[in-house]
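Engineer: The structure that follows is given in the form of structure tokens.
The values are calculated or read from the model by the stated rules, or taken from the named source; none is laboratory data. It should be emphasised that the depicted structure is a prediction, and the values quoted were computed from it without experimental measurement. When we count neighbours, we look across all protein chains shown, and the Cβ atoms used for this are built from the backbone with ideal geometry, even at glycine.
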Amino acid sequence: MSVLPKVSTTAVGVALIRARESEREDRLLNDPYARAFGDAARASFAEAPETWAKVEQLVDAFYEGRIAGVRVFDDLVRDAVEAGLTQIVLLGAGLDTRAFRLGLPAAVRLFEVDVPEMVSFKEPILRELGAEPTCGRTVIAADLREDWAPRLIEAGFRRDVPTLWLEEGVLGYLPRERAQAVLTTVTGLTAAGSRFIAGALKVDEKAEHYRQLREFVGTEAQPSRGLGPDPAAWLREIGWATEFHAWDELAAPLGRTVATGDPDTGLIVATSP
Ligand SMILES: C[S@@+](CC[C@H](N)C(=O)[O-])C[C@H]1O[C@@H](n2cnc3c(N)ncnc32)[C@H](O)[C@@H]1O
């Protein structure tokens, strides 16, 4: 049976999506590591083929929107580095490979935080592939529901350095008070000029594929998850300045049919004072 908890299997889904995209001629990104993650995960589900079939079904359902989302976040990371940010923290990094595939400069320090099971799954695969990050990369096996900040600091995170924080699909799995506590911790660790990017896409909670995802992960019975109904307002309350970027505008240059037609669906880019 898989070594990964269900919530972490969602990161396998994103890796499968990146692998599929990488094989296209008109690809939005190339991830040479994603296929190996997918293969290893599939092998670990050998005795649970029906669960693996569910993962593949969810990959099909989420492919178009998610791959555009990954590319949008790639571009936001490049923009932040070009703007001079040299410290990056990926909260719930999953099987993210930006430290390897974006050509980030050596001066950048990138921290990946995820649960120990995810780290134990991911790191041996990267070692076996001989993957070398282009920037500094530190992996922190920690549960964001616990006291993770000291671990980050021990691992070399600098509180005096403006940081890019990425929330890409993790806080929505945490109960509201836990998700907000993560942000309170981030705020306490954050130097002026830092950015926090939240994948606060409004989703159609009633849509069948979202219902199936919640059922798969087991969060169907927890209605209050994530940062709340108005994450931007909440971020402003705790001292961040926020900018809203409409999803349809972010995705338009990608040339894929992922427009939502909803001007209120988008991403929040928050800047610390
Ligand atoms: C949907 S995946 C997103 C992964 C990655 N950010 C991406 O976009 O590919 C959610 C990730 O959050 C992680 N996660 C969920 N709950 C967590 C927790 N309490 N602490 C740390 N990581 C957690 C999972 O292990 C998983 O890797």
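Engineer: Return a yes/no flag: does segment 47-57 have any residue that is part of a loop (DSSP other than H, G, I, E, B), at negative phi, surrounded by fewer than 14 Cβ atoms within 10 Å (Cβ to Cβ) and of a type outside the set (Val, Ile, Thr).
Structural biologist: Going through segment 47-57, the residues part of a loop (DSSP other than H, G, I, E, B) turn out to be 47-48.
Retained after the next criterion (residues that are at negative phi): 47-48.
Subset that is surrounded by fewer than 14 Cβ atoms within 10 Å (Cβ to Cβ): 47-48.
Remaining after also requiring of a type outside the set (Val, Ile, Thr): 47-48.
Scanning segment 47-57 turns up at least one residue that is part of a loop (DSSP other than H, G, I, E, B), at negative phi, surrounded by fewer than 14 Cβ atoms within 10 Å (Cβ to Cβ) and of a type outside the set (Val, Ile, Thr).
Engineer: When you go through 61, 80 one by one, which is the residue that is small (Gly, Ala, Ser), within 15 Å of the ligand (Cβ to nearest atom) and under 27 Å from residue 198 (Cα atoms)? If you could, list the steps in order and put the result at the bottom.
Structural biologist: On the way: 80 fails: within 15 Å of the ligand (Cβ to nearest atom).
Sole residue among the options that is small (Gly, Ala, Ser), within 15 Å of the ligand (Cβ to nearest atom) and under 27 Å from residue 198 (Cα atoms): 61.
Engineer: Which ranges mark the helices (runs of 4 or more DSSP H) fully within segment 98-179 that have 2 or more residues being more than 12 Å from the ligand (Cβ to nearest atom) and surrounded by fewer than 16 Cβ atoms within 10 Å (Cβ to Cβ)?
Structural biologist: By residue number, 116-129, 149-154.
Engineer: Can you tell me which residues in segment 115-169 are acidic (Asp, Glu) and either within 16 Å of residue 88 (Cα to Cα) or out of contact with any Ser or Thr (no Cβ under 8 Å at 6 or more places or on another chain) (or both)?
Structural biologist: Once the filter is applied, which keeps residues that are acidic (Asp, Glu) and either within 16 Å of residue 88 (Cα to Cα) or out of contact with any Ser or Thr (no Cβ under 8 Å at 6 or more places or on another chain) (or both), segment 115-169 yields 123, 128, 132, 143, 146, 147, 154, 160, 167, 168.
Engineer: Here's a check for you: in segment 4-28, which residue that is assigned to a loop (DSSP other than H, G, I, E, B) and within 12 Å of the ligand (Cβ to nearest atom) is farthest from residue 118 (Cα to Cα)?
Structural biologist: Per the stated criteria, the residue is 5.
Engineer: Assess whether residue 186 counts as being closer than 21 Å to residue 72 by Cβ, within 19 Å of the chain's Cα centre (by Cα) and in a helix (DSSP H, G or I). Give the derivation first.
Structural biologist: Numbers: closer than 21 Å to residue 72 by Cβ: yes; within 19 Å of the chain's Cα centre (by Cα): yes; in a helix (DSSP H, G or I): yes.
So residue 186 fits the description; yes.
Engineer: Restrict the check to segment 86-94 and report whether at least one residue is buried (at least 20 other Cβ atoms within 10 Å of the Cβ), assigned to a loop (DSSP other than H, G, I, E, B), away from the ligand (no atom under 16 Å from the Cβ) and at pLDDT 95 or above.
Structural biologist: Within segment 86-94, not a single residue is buried (at least 20 other Cβ atoms within 10 Å of the Cβ), assigned to a loop (DSSP other than H, G, I, E, B), away from the ligand (no atom under 16 Å from the Cβ) and at pLDDT 95 or above.
Engineer: Let me ask something else. Need pairs with beta-carbon distance below 8 Å; first residue farther than 22 Å from residue 84 by Cα and within segment 101-122, second part of a loop (DSSP other than H, G, I, E, B) and modelled with pLDDT under 95; sequence gap 6+ or separate chains.
Structural biologist: Matching pairs, first to second residue: 115/5; 117/3; 117/4; 117/5; 118/4; 120/3; 121/3; 121/4.
Engineer: Hey, does segment 123-136 have a residue that's free of Cβ contacts under 8 Å to residues at least 24 places away in the same chain and within 11 Å of residue 164 (Cβ to Cβ)?
Structural biologist: no
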